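Below is one structure, written out as structure tokens; comments come after it.
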Amino acid sequence: MDIVLSLLALLGLAPLLLLTALAVVAESGLPVLFRQTRLGLGGCEFGMFKFRSMVQNAAALGPYFTQDKDPRITRVGRLIRRTSIDELPQLLNVLLGDMSLVGPRPDVPVQRGLYTDADWAQRCSVRPGITGLAQVVNRSQGSEGERLALDLRYTREACVWLDLKIMWRTLGRLSGEGAN
């Protein structure tokens, strides 16, 4: 399901992907994509793709997370983050087998310390996703603890029916509310 839906999405969204790439280049130059080290299935590292929504070298200018009105985010970046267009290159990660369409969002390595060993093992027992339970419940507005709890809940309850419900609810969350 992941492969077929990702291929269809990439084909159908090709014009939007191209326009987004052109907008990023026009505002802040190359590169268009940002590749960040994330942790996936079994805790293995992989490079997760996103459209670049921040100024060049943003990682050197602040923390791994963003906040409301983060000055590192460009004007185009605010739009593509609010609408989650910045996440669309992760369809390539799905095709590469690093991610699934649905699952807990992949953590950056420093977030490993937020988990107990047992919770980390559970968290890494499923492939991370482009969208997940935490995203449809509270998008970026939930606390770190709420997100962790929802990610762990997903790992316990994962099934095709839950994935379909999360994908459906994700479409309703693309309004931009709660994004930063």
Convex hull volume of the chain per residue (C-alpha atoms, cubic angstrom): 109
Taking the chain and dividing mean pair separation by its residue count, relative contact order in percent (alpha carbons under 8 Å, at least six apart): 24
Cα centre as origin, Lys/Arg/Asp/Glu Cβ charges: the chain dipole, Debye: 340
Rounded if a/c under 1.5, otherwise prolate or oblate - the range 1-108, Cα gyration tensor axes: oblate
Accessible-area composition of the chain, carbon plus sulfur, in percent [1.4 Å probe]: 63
Surface per residue (accessible, 1.4 Å probe) for the chain, Å²: 53
Proximal charge balance of V110 [Cβ under 13 Å; K/R count +1, D/E count -1]: -1
Tensor-based shape of the range 98-159 (alpha-carbon gyration tensor, a/c under 1.5 rounded, otherwise prolate or oblate): rounded
In Hz, Karplus ³J(HN,Hα) per residue of the range 162-173 (6.51, -1.76, 1.60; θ = phi - 60°; x = Gly, Pro): 5, 4, 5, 5, 5, 4, 4, 5, 4, 4, x, 9
Dipole axis of the range 1-143 (+1 Lys, Arg; -1 Asp, Glu on Cβ), positive-most option in M99, V137, A23: A23
Cα centroid separation - the range 95-174 against the range 1-54, whole Å: 18
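The values are calculated or read from the model by the stated rules, or taken from the named source; none is laboratory data. Computed from a predicted model, the values in this text were never measured in an experiment. Please note: Cβ atoms are built from the backbone with ideal geometry, for glycine as well, and neighbour counts cover all protein chains shown. Note: areas computed on protein heavy atoms with side chains; ligands, DNA, RNA excluded. Shrake-Rupley method; radii C 1.70, N 1.55, O 1.52, S 1.80 Å.
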